[in-house]
1. Sort out which residues of the stretch 177-209 are among the polar types (S, T, N, Q) and at pLDDT below 95, and write them in order of number.
2. Go through the stretch 154-172 and give me each residue that's modelled with pLDDT of 95 or more, surrounded by fewer than 22 Cβ atoms within 10 Å (Cβ to Cβ) and either of a type in the set (A, V, I, L, M) or not in a loop (DSSP other than H, G, I, E, B) (or both).
3. So if I check each of VAL287, VAL324, which one is surrounded by 22 or more Cβ atoms within 10 Å (Cβ to Cβ), within 22 Å of the chain's Cα centre (by Cα) and within 20 Å of GLU244 (Cα to Cα)?
4. Would you confirm whether any residue within the stretch 260-270 is in contact with a helix residue (DSSP H, G or I) (Cβ under 6 Å, 6 or more places away or on another chain) and surrounded by 12 or more Cβ atoms within 10 Å (Cβ to Cβ)?
5. Does ASP94 satisfy the condition of being modelled with pLDDT under 85, part of a helix (DSSP H, G or I) and either within 23 Å of SER297 (Cα to Cα) or within 18 Å of the chain's Cα centre (by Cα) (or both)?
6. Go through the stretch 175-226 residue by residue and tally those that are more than 23 Å from the chain's Cα centre (by Cα) and either at positive phi or among the hydroxyl-bearing types (Ser, Thr, Tyr) (or both).
7. Being in contact with a strand residue (DSSP E or B) (Cβ under 6 Å, 6 or more places away or on another chain) and within 30 Å of LEU34 (Cβ to Cβ) narrows it down to one of ARG125, ARG129, ARG146, ARG154, so name that one.
8. Just wondering, is there one or more residues in the stretch 48-65 that are at pLDDT 95 or above and either assigned to a loop (DSSP other than H, G, I, E, B) or not hydroxyl-bearing (Ser, Thr, Tyr) (or both)?
Amino acid sequence: MAGNTFGQTFTVTTFGESHGLAMGAVVDGCPPGLEISEEDLQGDLDRRRPGQSKYTTQRQEDDRVKILSGVFEGKTTGTPIGLVIENTDQRSRDYGEVKDLYRPAHADFTYDRKYGHRDYRGGGRASARETAMRVAAAGIAKKYLRLTFGTEIRGYLAEIGAIRPEVKSLETVDGNPFFCPDPEMIDPIAELIEQLRRDGDSIGARVNVMASNMPVGLGEPVFDKLDADLAAALVSINAVKGVEFGAGFGVIQQRGSEHRDEMDTSGFLSNDAGGILGGISSGQDIVVSIALKPTSSLTRPGKSVDRAGNEVEVVTTGRHDPCVGIRATPIAEAMVALVLMDHALRDRAQNADVTR
């Protein structure tokens, strides 16, 4: 299967299936001498980990990452960094009844038609469990970006169904199970999730990510625009169906005189562009938003067909999130970090001598 490697200079190759023995990643291109440890990577893995509250899937995985190579005496050596997370709570029996069925809105149909054979246990390679390795690898990128540029990457739940939290305090984001920045919206979100469970249904969500203290000059002017690469990276996350930068689709109703980010001697006066101009970072905060579809795994019966072409009714068993957007925040942060890291190293290679 092609397409398992991300990046050009800082590359991440992931492997493994949802119900296999382990998930793994090989990170290549990391500069030598970066102090890194398993603890540096574990924090975001713990934020993403399933089974931490009653509002998400109850699959119990420790998600303890092990560094297998590329680090010696606490520092990166410049050689490939091998990472692995063992799967410890597989319940493959939950999927026996759907091995010959195509679950609606899943990758079952497309994988089967493309390869003629698929791992039906929890979606196999198409499972969101694969994103654990992206989060682990991004721990390296986040630390490098923070130490080199002071760049901080923070995400939060911006919308779930009809609920739109206000950004009252980013400090509260990691203190609740929804990554919600509005303490007053935590109880309404909890009530919504409980109602969805009772209904056997799910809901979509929006997650926003901001990268602050950005260096100027990341990104290329034509095919490898920074926003284009960020969009591709974010859409590669399971269930993501839309990406916006800055004002996003709001530009449809804006006039040019409103949208343009004017400047004076103090800098930019607004950030409708989301921190990227002509595909290159402007030094402003990068502001990006993703829309995630409702979870497709439902206990409510749905129409589909089986491999033989017979019409069937499908009920998905197993352990699933009523809203995948709840746990998407650290994953979205991870993909932003990986893109910025890759572009930072590419910019260093070409433009190290440019005075800015």
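1. GLN195, SER202
2. ARG154, GLU159, ALA162, ILE163, VAL167
3. Exactly one residue qualifies, and that residue is VAL324.
4. Within the stretch 260-270, none of the residues are in contact with a helix residue (DSSP H, G or I) (Cβ under 6 Å, 6 or more places away or on another chain) and surrounded by 12 or more Cβ atoms within 10 Å (Cβ to Cβ).
5. It is true that ASP94 is modelled with pLDDT under 85, part of a helix (DSSP H, G or I) and either within 23 Å of SER297 (Cα to Cα) or within 18 Å of the chain's Cα centre (by Cα) (or both).
6. Here the count works out to 2.
7. Only one candidate qualifies: ARG154.
8. Yes, the stretch 48-65 contains at least one residue that is at pLDDT 95 or above and either assigned to a loop (DSSP other than H, G, I, E, B) or not hydroxyl-bearing (Ser, Thr, Tyr) (or both).
The values are calculated or read from the model by the stated rules, or taken from the named source; none is laboratory data. From a predicted model like this one, the values you see are computed outputs, not experimental measurements. Neighbour counts are summed over all protein chains in view; Cβ atoms, including those assigned to glycine, are modelled from backbone coordinates with ideal geometry.
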